[in-house]
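Asks: The structure that follows is given in the form of structure tokens.
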Amino acid sequence: MDYISVNFFSQSLKMKTTFNVCLPSKITRELSPIILLHGMGDDENSWLQNSLLPQYLAKKQLALIMPRADLSYYQDTPFGNNYFNYVSMELLQKCRQLFPLQKDRQYTYIAGISMGGYGALKVALNHPDSFAKCYTLSPNVDLLKSWRTHPDRDAWFSALFDSPELFSRSSNDLFSLVSHWDDAAPKPAIYIACGQADPFYDDCLRFYKNFKKQHFPGSQDISSPQGHNWIFWNEQLKKVFEDAASLSL
């Protein structure tokens with residue numbers, strides 16, 4: 001596996017930023033890109049620090065793209081740091097300029113953990129023409145619930161999303177996005193996994209039932225007794241990359 005760190009000036013963020021890329025040592029064709037979105041408190045380096053990416057990526061024609069998004073919840077902020085635009089469009093455009101990546105939606109994927117799981121779903125549901133599948137691990141799918149139950153985060157959420165009233169039924173509301181889907185748009189496949197000891201477990205069950213009710217393709221894995229931790233995410237990442245590689249044959 002080859003590891004590359006790219007630092008560049010992002011037009012979306014209006015500042016320099018860094019993203020990491022992992023590529024197979026032997027490239028035999030155009031690689032299927034998977035954007036990996038980190039969780040709260042992590043950054044673009046957390047994947048290599050906490051997971052077994054070299055082992056998981058071995059002999060797979062996949063390109064893993066790991067951006068930094070700080071505590072943005074992958075949202076375009078009122079301060080001009082447009083993280084959603086960066087992750088959903090600019091990042092992939094930049095990577096396709098630099099690396100031999102597939103350009104077809106069919107072979108383009110996005111994944112994330114926790115806050116990044118929310119971000120991956122938001123990107124895939126708002127840009128269904130760009131992503132064929134979304135892999136979301138322990139995602140915080142119900143931000144309105146988090147907003148209500150964590151008053152200490154009100155200033156943070158308000159800075160990002162303004163108010164619960166404006167958040168509800170907006171492009172940030174995952175339940176609303178699925179429930180009010182435009183049937184003319186393609187539906188990305190969704191894989192959702194959450195451990196039984198995870199605080200987001202019940203919310204993930206509700207979201208899975210919601211997107212299956214709307215006939216989205218996808219599956220869930222809720223069998224693990226694990227909680228919100230890298231033990232569970234490492235178990236899942238191996239499955240994610242094996243599945244993405246099988247879709248890219």
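No value in this document is a laboratory result; all are computed from the given coordinates. Since we're looking at a predicted model, the values are computed, not measured.
Asks: Report the relative contact order of the range 1-79, percent, no decimals, based on alpha-carbon pairs under 8 angstrom and at least 6 residues apart.
Replies: 35
Asks: Once you sort the root eigenvalues of the Cα gyration tensor of the range 55-124 as a ≥ b ≥ c, which label holds: rounded (a/c under 1.5), prolate (a/b larger than b/c) or oblate (the other case)?
Replies: prolate
Asks: Over the range 2-247, calculate the relative contact order: mean separation of alpha carbon pairs under 8 Å at least 6 apart, over the residue count, as a percent.
Replies: 17
Asks: Do any of 59/122; 187/213; 60/213; 103/212 go past 24 Å between their Cα atoms, and which?
Replies: In this structure, 59/122; 60/213; 103/212 lie more than 24 Å apart at Cα.
Asks: Taking amide H positions as placed in the peptide plane 1.01 Å from N, state which residues far from residue 35 in sequence (5 or more) or on other chains have amide H under 5 Å from it.
Replies: Here 65, 109, 110, 111 satisfy the definition.
Asks: Over the residues of the chain, compute the C-alpha Rg and express it relative to 2.2 N^0.38 Å.
Replies: That ratio works out to 0.95.
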